[in-house]
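> This is the structure I want to talk about, given as structure tokens.
Values quoted throughout were computed directly from the atomic coordinates according to the rules given, and no laboratory measurement underlies them. What you see is a predicted model; the values in this text were computed from it and never measured. Using ideal geometry, Cβ is built from the backbone for each residue, glycine included, and neighbour counts are taken over all protein chains shown.
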């Protein structure tokens, strides 16, 4: 009786046909879940003309009785009383037929790939992860700050920048000296797309205490790798009165929270992607397969503290490592001061520690100008978090809060202090210890979904020579 | 006894000095709230040198006993045992002294204005409203979609666009014909900053059912008004199978939810801004003052349905209105088909209906190509939501789902169908009724905070000739 109150009720469902078997069984999906609902068509009483139009990709509306399914594979099904074709999908033309497509083919059809099981799952997980990010910070009283996308500042040096202009390129206004007259541009000056909201974020942290940004950032770098995008979303918290240890605690707690949130709220989608990954790995040689399944990997991150290792310790480990001695690294580590390449990061994370690693206290001269100088005078309070399969997922630091030390560093590097007067004001007026980090959102999505190319975890990827849609 | 367990405990607080009275009473603020905590300094046992450094804007750390306050104006205070100056703030130089500053002066110091009561409150409310937006849609199962910021499509025509390029402007590559060779640009083509994520959002709604975007959008328009920004944040939900009525229901429910969320979660900040507004209006003549206080206005929106009026009805009302007959409007309404100006919108909202208004079914030729044509052949299923004091806060429509009608319209308007093949694919494969709208986030923040200039509700405003910070 209780059951019959759930089943045997009249329902209407609208969605898209995924498959249609035996002129009878429609797998219908409305995008809200990975789980299709089976709709059973009374094919003897349905016109042949209608049956023909029930094709993969067609939009339909079905009305009928929700009942326990007699077939295997699903608990409930809709026994269709009325079926309406809302929008046809010509099987000769619709590219997303129910068969295996290459990821490359799907990327070229980014406007349609989200109709597949895999990309539906990825995009739902991405959305839930976004909300987890906001939930974490808002619960802790952080203020969400929208730092500017178009910026007149280009001193940060986090990477190559895109120029933003409304000048007519085929008829550029010139000054008397023959230079481009940026006074005539929209903002009256040369402007770029932001590479980071950190500097502006710091000005807000020194007023509101705890802030975070979550917005698009840009790099005009010709990096055609599976880990780089020209346009990506970044999360940048900044906290007044936090030192580097508190910063590491925050980053670790934050990452564990959002991964747990995904495990709790995306169980079906994650299970689907786990199976997809196992299937994909079957074609690989045993040695290249993952030691853990996707869910095991996510739970491992939750259950184990990130290993905290100083740069100096890391250099010792790398210098004594087998691939360094056997000259298997492309860049051999000889001495303290070397910049770490992704091969070294991967060795530390995947071979040596076999867990997420936080490297800290890097040499000052391989890190940005705003990082706090340690008492040793040669290292700065920087940290990078390295993840298996992903490499760097977080970069952060305690910031140099001492005006005199900061200005000295800027002079050394030739950074114009007039242009950054507003940043320096945070050190002129009520300066204090503060720290923050940046987390590349797509790298997090990459890790959680188990995908291997960053172009597959953002709706419409922007990469060199590609700005379709 | 219960009270003594709350008070009389040792606490540490770090923050910035707002004021320091009588060499004894510090008003300390850490940015988490509008309410300062009073810290009572034992000035007889504090070195003169330290007392002098307790200035407005200085960062300090105090340790002491939290106790019930004997003074009026606060319930608790910290009786300071230990005080440390973390960062000085020279009273001769710090611009944010505790006195009345003009909003224009504060805009020029956007990196410091957030240290004032008003801008702290505004930015906290903005943050809470952002979270309300995400909470609303996520609870309803919408998928958050990050549509691209850099776009190769420029057919939507929602406004003038900024160009994005990595070409060297002083040495542009040219084709043999002498044109700029965009094949050599980063993306191999001419690219712009997005004016709307709608078209890409539609492709996702036709797969995931219910989606929303919330990201920055751009207009390179030389509009120096108190309602326009060159860079602003927009929220764009899109729902498969929703018609225009369902779209209006969604917009109204959504706006009421986020306003209620702010009332529930920003009570202190709203109360402060309400008082600020009352104070500001004292200098205005009686006739120009608001009829309602800020909180009354917000509650009014919650308690009253938005008035739904067709464009045709609105034209009749305007034609018969006193300002039209007395030729007080700059644009006199003579006949059906006229585009409504903000003076007309304000008349309808503020004088005639005195409540939020949803206008719908506009003439096809004053609206965008993708809006669904009504059976009358001359109006489209468009809607605009108009708010008192703000004007248009939402623009939306049911989309033209019929491939043949859409392609005909695009041909009429000279829109290249090849460039929008991916958009047309949503109508080629499994098309269905669907609707959506765009809400300018800053206009919502403007309404909720009661501010009157949109530059005061975004951290670092971008407007013509202004991209500082």
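> Calculate how steeply helix A:198-208 sits against the longest principal axis of the alpha-carbon atoms of chain A, using the helix alpha-carbon long axis, and give the answer as 0 to 90 degrees to the nearest 10.
90
> Counting only C-alpha contacts under 8 Å and six or more residues apart, can you give the relative contact order of chain A as a whole percent?
Values: 799 pairs, mean separation 66.2, N = 469.
Once divided by the residue count of chain A, the mean separation gives 14 percent.
> Ordered by packing density, taken as the mean number of other Cβ atoms within 10 Å over each peptide's residues, highest first, how do B:52-58, A:220-226 rank?
Working: B:52-58: 20.0, A:220-226: 13.4.
Result, highest mean Cβ count within 10 Å first: B:52-58, A:220-226.
> A further question on this structure: Cβ neighbours within 10 Å, averaged per peptide: list A:335-345, B:67-77 in order, most packed at the top.
Numbers: A:335-345: 15.2, B:67-77: 12.5.
Per-residue Cβ counts within 10 Å, averaged per peptide and sorted highest first, yield A:335-345, B:67-77.
> Expected output is a single nm value to one decimal: the length gained when fully extending between residue A:140 and residue A:421, i.e. 0.36 nm times separation in residues minus the C-alpha distance. What is it? Before the final figure, lay out the partial values.
Numbers: separation 281, 0.36 × 281 = 101.16 nm, distance 3.09 nm.
Going from the current span to full extension adds 98.1 nm.
> Which whole-number percent is the relative contact order of segment B:9-97 (Cα, under 8 Å, 6+ apart)?
Once divided by the residue count of segment B:9-97, the mean separation gives 31 percent.
> OK, next. Please give the Cα centre distance for segment A:180-206 versus segment A:65-96, rounded to the nearest Å.
52
> Suppose each label sits 7 Å from its Cα in the direction of the beta carbon; what would the residue B:332-residue A:328 distance come out to in nanometres?
8.7
> Within a 10 angstrom radius of each residue's Cβ in A:205-215, how many Cβ atoms of other chains show up on average? Whole number is fine. Intermediate results must be reported in sequence, preceding the final value.
On the way: counts 2, 9, 14, 11, 9, 3, 5, 1, 1, 2, 5.
Counting Cβ atoms of other protein chains within 10 Å of each residue's Cβ and averaging gives 6.
> Okay, moving on. Which value in nm describes the separation of the simple spin-label points at residue A:100 and residue A:179, placed 7 Å from the Cα toward the beta carbon?
5.9
> Give me the angle, in degrees from 0 to 90, between the Cα long axis of helix A:294-303 and the longest principal axis of the Cα atoms of chain A, rounded to the nearest 10.
40
> Just the number, please: Stokes-Einstein D of the protein assembly as shown in µm²/s, Kirkwood Rh from C-alpha pairs, 10 °C, 1.306 mPa s.
Values: Rh = 30.4 Å.
D, rounded to a whole number, is 52 µm²/s.
> Looking at segment A:9-97, what % of its DSSP beta bridges pair antiparallel, to the nearest 5? Provide the component values of the computation, followed by the final result.
Numbers: 27 of 30 bridges.
Antiparallel bridges: around 90 percent, rounded to the nearest 5.
> Let me ask something else. Determine the relative contact order of segment B:297-450: mean sequence separation of Cα pairs under 8 Å and six or more apart, normalised by residue count, in whole percent.
On the way: 217 pairs, mean separation 28.9, N = 154.
Averaging sequence separation for qualifying contacts and normalising by length gives 19 percent for segment B:297-450.
> Additional query: Taking each residue in B:161-168, count the Cβ atoms of any other chain within 10 Å of its Cβ, then average. What number comes out? Mind showing how you got there, number by number?
On the way: counts 1, 10, 8, 13, 6, 10, 2, 1.
Neighbouring Cβ atoms belonging to other protein chains average 6 per residue here.
> Roughly how many nanometres apart are two label points built 7 Å out from the Cα toward the Cβ at residue B:310 and residue B:189?
Spacing of the two 7 Å Cα→Cβ label points: 4.1 nm.
> If each DSSP helix of 4+ residues adds -39,500 (n - 2.57) and the sum is divided by the residues in the protein assembly as shown, what number results at 222 nm, nearest 500 deg cm²/dmol?
On the way: 28 runs with 288 residues, N = 938.
Computed ellipticity for the protein assembly as shown at 222 nm equals -9000 deg cm²/dmol.
> Using a 7 Å offset from Cα along Cα-Cβ at residue B:365, what residues in segment B:290-330 end up with backbone N under 17 Å from the label point?
Label zone hits: B:312.
> OK, next. Using alpha carbons only, how many degrees (0 to 90, rounded to 10) separate the axis of helix A:244-265 from the longest principal axis of chain A?
The answer is roughly 0 degrees.
> Between residue A:292 and residue B:405, what is the FRET efficiency for a Förster distance of 41 Å, r being their Cβ-Cβ separation, to the nearest 0.05? Intermediate values should be presented prior to the final figure.
On the way: r = 53 Å, r/R0 = 1.28.
Efficiency for this residue pair is about 0.20.
> List the distances, in nm and shortest first, from the label point of residue B:91 to the matching label points in every other copy, placing each point 7 Å from Cα along the Cα-to-Cβ direction.
Taking the point 7 Å beyond Cα along Cα→Cβ, the inter-copy spacings are 8.5 nm.
> In peptide A:127-134, how many Cβ atoms from other protein chains are near each Cβ within 10 Å, on average?
Numbers: counts 12, 3, 1, 7, 7, 1, 1, 8.
Mean partner shielding for this stretch: 5.
> Taking the highest mean first, how do the peptides B:178-184, B:235-241, A:391-397 order by number of other beta carbon atoms within 10 angstrom per residue? Could the numbers behind the result be given before it?
Working: B:178-184: 13.1, B:235-241: 24.7, A:391-397: 21.6.
Taking the mean over residues of other Cβ atoms within 10 Å, the ranking is B:235-241, A:391-397, B:178-184.
> Relative to a virtual label point 7 Å from the Cα of residue A:245 in the Cα→beta-carbon direction, which members of segment A:281-322 show backbone nitrogen distances below 15 Å?
A:308-310
> Compute the separation of the alpha-carbon centres of segment B:348-379 and segment A:298-336 and state it in Å as a whole number.
64
> Taking every DSSP beta bridge that has both residues in the protein assembly as shown, what percent is antiparallel when rounded to the nearest 5?
Numbers: 135 of 153 bridges.
The antiparallel fraction comes to roughly 90 percent.
> Using a label point 7 Å beyond Cα on the Cα-Cβ vector, give me the inter-copy distances for residue A:283 in nanometres, one decimal, shortest first.
Those separations, rounded to one decimal, come out as 7.1 nm.
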